[in-house]
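Reading through the structure tokens given below for one structure.
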Amino acid sequence: MKSGFTLLEVLLAAIILGAGLAGILVSMSQSQRMMLSATDYETAQEVMDLGEMAYPLENVKDPDELDVRETRATELWDLISEERLTSAQRDKFHGYTWEREALNKDDREEDIKRLGNLYTVRITVTWGDRGRGSGKKQQESYVTFWRKTE
């Protein structure tokens with residue numbers, strides 16, 4: 001009697017091993033994509049903070065001052081800090097922009113008064129994929145309120 005594995009047993013083991021390895025490779029690829037995405041959103045949060053420091057809502061006196069055009073993150077840094085960005089920081093913030101707009105600024109005055117002089121303000125950070133192939137722009141935004149004082 002011969003001992004050992006049959007060809008069928010070896011092929012079945014190879015198929016099971018190959019399926020397991022393929023699953024591991026797919027998981028690693030998805031994990032890497034998630035880490036890159038998390039890094040982008042973390043940087044977007046930093047840019048939101050830079051924008052809030054450069055253009056604080058507390059300092060706004062008139063609804064016409066609510067809108068702030070799209071501003072590069074490096075420009076925001078220059079507005080709030082006397083220190084220069086390092087090359088690593090410049091690379092990190094490359095392609096990120098910050099913008100603030102009042103969503104109901106053009107509403108009628110009586111509608112604004114009925115809302116208690118509240119203006120809806122959207123703050124948006126936009127960035128590209130910075131050479132990762134797809135060329136899509138991504139955005140992160142949130143909405144807050146600003147009250148006009150009489």
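The values are calculated or read from the model by the stated rules, or taken from the named source; none is laboratory data. No experiment lies behind these values; they were computed from the predicted model shown. Positions of Cβ are backbone-derived with ideal geometry, glycine not excepted, and every protein chain shown enters the neighbour counts.
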Exception for D64 within (1) of a type outside the set (A, V, I, L, M); (2) over 27 Å from A38 (Cα atoms); (3) part of a loop (DSSP other than H, G, I, E, B) falls at (3)
Candidates R130, R100, R122, filtered to the one that is of a type outside the set (F, W, Y), surrounded by 17 or more Cβ atoms within 10 Å (Cβ to Cβ) and either closer than 25 Å to T43 by Cβ or modelled with pLDDT under 90 (or both)
R100
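Table: residues versus (1) in contact (Cβ under 8 Å) with a residue 60 or more places away in the chain; (2) under 30 Å from W146 (Cα atoms); (3) exposed (fewer than 14 other Cβ atoms within 10 Å of the Cβ).
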{"residue": "A19", "(1), (2), (3)": "no, no, yes"}
{"residue": "A44", "(1), (2), (3)": "yes, yes, no"}
{"residue": "A73", "(1), (2), (3)": "no, yes, no"}
{"residue": "Q89", "(1), (2), (3)": "no, no, no"}
Which of the following residues is in a strand (DSSP E or B) and over 16 Å from the mean Cα position of the chain (by Cα): V143, V121?
V121
Would you be able to tell me the number of residues in the range 45-95 that are more than 30 Å from I112 (Cβ to Cβ) and more than 18 Å from the chain's Cα centre (by Cα)?
10
